[in-house]
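Participant: First, the structure itself, so that you have it in front of you.
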Amino acid sequence: MKMKSMRIFVLAIVYWAMPLSAVAQGIQSPFEYPKAKPRTTQVVQASVLDNYEFRGVSRLDGETKVFLMNSNEGKGLWLIVGERDGDSGMLARNYDSDRDSIVVQHGTKTKTLSLARSEITAIKTSPVPAAATTAKNNPQVSQGGPEVRRRTVPESDEEVRARMQKVAEEIRKRRQMRRSVIEEGAPDRR
């Protein structure tokens, strides 16, 4: 009986020790859920270039300049393509006019920026001026209340003719000045 109990004792120890040795060896039971792998987080540092937007381009006398706007600071800067800006350290490497994009470099980081598209919206206009509709419906406005400008008295025919005569004289004077500039090369100031 002692021998039998000793065998059971040894078998029990072996039975419990086998799974412990498997765990020690890294073997996982097929009945367990797989263990989650530890997450590795990479810290991505924001680049200075992430704050800039390409807002405009100017080409004058063979020199191309691009306008970059820093959206965080609300400041912008003009860069000549191919030259480094001394204050910001930004370099506009090349401008692609077909794609409206610019390659910008700051330190070792490089980024391609596309030209921001503008939105064109139509202005809504009312068909009838507001002052005309209120003058019809409001007796105080039609009587010329204090908040409304009074209309000027219509001009007489003589006043209209005199004003038109002054305009015609001014036109003649300016035409004569233009002719003298063309003919003589110097303005004729009277």
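Just so you know, all these numbers are worked out from the coordinates, no wet-lab data involved. Source: prediction; values computed, not measured. Heads up, the Cβs are rebuilt from the backbone with ideal geometry, glycines too, and the neighbour counts pull from every protein chain shown.
Participant: Going through the cross-link list Lys75/Lys109; Lys75/Lys111; Lys124/Lys166; Lys37/Lys109, which pairs have a Cα-Cα distance over 29 Å in this structure?
Facilitator: Working: Lys75/Lys109 21 Å; Lys75/Lys111 19 Å; Lys124/Lys166 38 Å; Lys37/Lys109 32 Å.
From Lys75/Lys109; Lys75/Lys111; Lys124/Lys166; Lys37/Lys109, over 29 Å: Lys124/Lys166; Lys37/Lys109.
Participant: Which value, in Å³ per residue, describes the convex hull spanned by the Cα atoms of the range 32-86?
Facilitator: On the way: hull volume 8.8 nm³, N = 55.
Once divided by residue count, the hull of the range 32-86 is 159 Å³.
Participant: In addition: Which residues among the range 98-115 fall inside the zone where the amide N is under 13 Å from a point 7 Å beyond the Cα of Arg59, along Cα→Cβ?
Facilitator: Within reach of a label on Arg59, which here means backbone N under 13 Å from a point 7 Å along Cα→Cβ, the range 98-115 contributes 98-101.
Participant: Which net charge results for the neighbourhood of Arg163, defined as the other residues with beta-carbon distances under 14 angstrom from its beta-carbon, given Lys and Arg at +1 and Asp and Glu at -1?
Facilitator: Details: positive: Arg161, Lys166; negative: Glu155, Asp157, Glu158, Glu159, Glu169, Glu170.
Local charge sum for Arg163: -4.
Participant: Could you please report the charge total around Val48, scoring K, R as +1 and D, E as -1 over all other residues with beta-carbon less than 15 angstrom from its beta-carbon?
Facilitator: Values: positive: Lys75, Arg84, Lys109, Lys111; negative: Asp50, Glu53, Glu73, Asp85, Asp87.
With Lys, Arg at +1 and Asp, Glu at -1, the neighbours total -1.
Participant: What does the charge count near Gly82 come to, summing +1 for each Lys or Arg and -1 for each Asp or Glu among other residues with Cβ under 11 Å from its Cβ? Let's see the in-between values first.
Facilitator: Working: positive: Lys65, Arg84, Arg93; negative: Glu63, Glu83.
Net charge around Gly82: +1.
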